[in-house]
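See structure below.
The values are calculated or read from the model by the stated rules, or taken from the named source; none is laboratory data. The structure presented is a predicted model; accordingly, all values stated were derived computationally and were not measured. Here the Cβ is made from the backbone with ideal geometry for all residues, glycine too, and neighbour counts use every protein chain on show. To get the accessible areas, we keep the full protein, side chains included, count just its heavy atoms, and leave off ligands, DNA and RNA. Shrake-Rupley method; radii C 1.70, N 1.55, O 1.52, S 1.80 Å.
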Amino acid sequence: MEETYQSLPPHVIILPSPGMGHLIPLTEFAKRLVLNHGIIITFTIPTESINSTSEAQKLVLDSLPGSINSIFLSPVNLSDIPNDVPIGSRIVSTVTRSLSSLIESLKIITSSHRVVALVVDIFGTSALDVANEYNITPYIFFPSTAMYLSLLYHLPVMDQAYSCEYRDVSHPIQIPGCVPIWAWGTDLLDLLQDRKPEIYNRSLQYWRRLNIAAGILLNSSEDLEPGPIKALNGKEWDNPPVYPIGPLIRTGVSDDGYDQSGCLQWLDNQPVCSVLFISFGSAGTLSNEKLTELALGLEMSQHKFLWVLRSPTDTSADANYLNSESVGDPFEFLPKGFLDRTRVSGLVVSSWAPQVRILSHRSTGGFLTHCGWNSTLESVINGVPLIAWPLFAEQKMNAVMLTDDLKVALRPKVNKNGIIESGEISRCVKGVMGGEEGHKLRCRMGDLKGAAASSLSEGGSSFKSLAEVANKWKNL
């Protein structure tokens, strides 16, 4: 019986958290395991009772190879959770309340398959105990940067080193292997800005949950982040081995039929590298005042642009994290006459656009981005320089890396009220899209593009790192 069991192909269960930002890199990870290493994959997807699966999620899941299966876990009820709870806490609750349904699925799958690993993302560490209970090797897929992971491990040291709030520290905070962070500029995560709430204490202890895993799979590469990856795999912390397997971005999904706005056709008629693409991801939104300043800054720059516009919100920048649809008609919030005045130089589309195809288009010469890691990696893969406009989560740390370390982005300055004024926006647009400054940014991003392609190709550092993990699983 044991010999028959060992002859079965290795099977890996993947538990993503709600939200497209984490599902996309996990599906790319799954495709590489299937196509390059012959491993069977099953996604077990948590759902919330009030949210049906989005069309974007369905499109991604339906595009996967036949050897990748998907199971939607029983919807959970979060009606008892207040609306003002941070989105991260809501996501963790969704995953945690899905564990009983996950266990039922594991019982069925393990009865007829050789399950060798359970891979969870950073919001799903509560499932690591389930894996150990069923003798399945647990791994964590970390969809963000090595810099962020290093911060999580270094946070207990910071907590002991400083008695004040981090924003009151008068010098840059040094995370091992990383570019220094000026905390008083709030470039640390928002949840670290106040050390009294319970959410800070949970963050302080989060590394303990990470250490339950047998390994951490990182969506980055040694070429992008050599310093923090070296620190993570050195003797700085007693953490599990970190396997850089990126950069993984969305591939193999046709956008035909989904370009209802005609933005790709519009790009076809623009000069090479002449268009600035503006998008704040599937979740990011601006306030009404910030949106107005952005519009006026684009107009002032007199450069061509393609803007994915979402209705503004004055609540929080991540208000639409689990709902990518824009509320109301976003065009109503633009300055009066803006569309008429910019109809020759610009195109504004509502809520969604085929981002990967836009970034790979010959006419795209720059990207104004919220610095989400998926969008950042898509820029790297396509060699497009950036304007960094971070909104929430670790995006401000990403912006520091992109501007101060990798030097592939410009970051506009905010005024004393936290607003980026139109003149500053215009300055950055002109800087990225033309002149000597833009040329330097484009050259450096071109170098990163080549390094990323090399790391993912056979024999590259990320290719070998994933192969190492896959071989471990095959031998379990």
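The figures follow:
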| quantity | calculated |
| --- | --- |
| Most to least packed among 59-72, 350-363 [average Cβ atoms within 10 Å] | 350-363, 59-72 |
| Residue-averaged [θ]222 nm for the chain, counting only DSSP H segments that reach four residues, each worth -39500 (n - 2.57) | -11500 deg cm²/dmol |
| Net charge, I13 excluded, C-beta distance under 14 Å - Lys, Arg +1, Asp, Glu -1 | -1 |
| Probe 1.4 Å, protein heavy atoms only - accessible area per residue of region 1-158 in square angstrom | 39 |
| Percent accessible area from carbon and sulfur atoms, region 263-453, protein chains only, probe 1.4 Å | 49 |
| Cβ-defined net charge surrounding T145, 10 Å radius [Lys, Arg +1; Asp, Glu -1] | -2 |
| Dipole magnitude (debye, nearest 20) for the chain, charges at Cβ of Lys, Arg, Asp, Glu | 700 |
| For region 263-453, accessible area per residue (1.4 Å probe, heavy atoms of protein chains only), Å² | 40 |
| Residue (of V408, P354, L309) at the positive-pole extreme of region 263-453, dipole from beta-carbon charges | V408 |
| Radius 15 Å from Cβ of P197, net charge of other residues (Lys, Arg +1; Asp, Glu -1) | -2 |
| Carbon/sulfur fraction of accessible area - region 1-151, other protein chains in place, 1.4 Å, % | 53 |
| The chain: relative contact order as a whole-number percent, Cα under 8 Å and 6+ apart | 14 |
| Heavy-atom accessible area order for S93, S98, largest first, 1.4 Å probe | S93, S98 |
| Size descriptor, Kirkwood hydrodynamic radius, that averages inverse alpha-carbon separations across region 263-453, Å | 16.4 |
| Accessible surface ranking that places the most exposed of D168, D223, D314, D121 first, with a 1.4 angstrom probe | D314, D168, D223, D121 |
| Heavy-atom SASA rank of Y134, Y5 (probe 1.4 Å, accessible area, largest first) | Y5, Y134 |
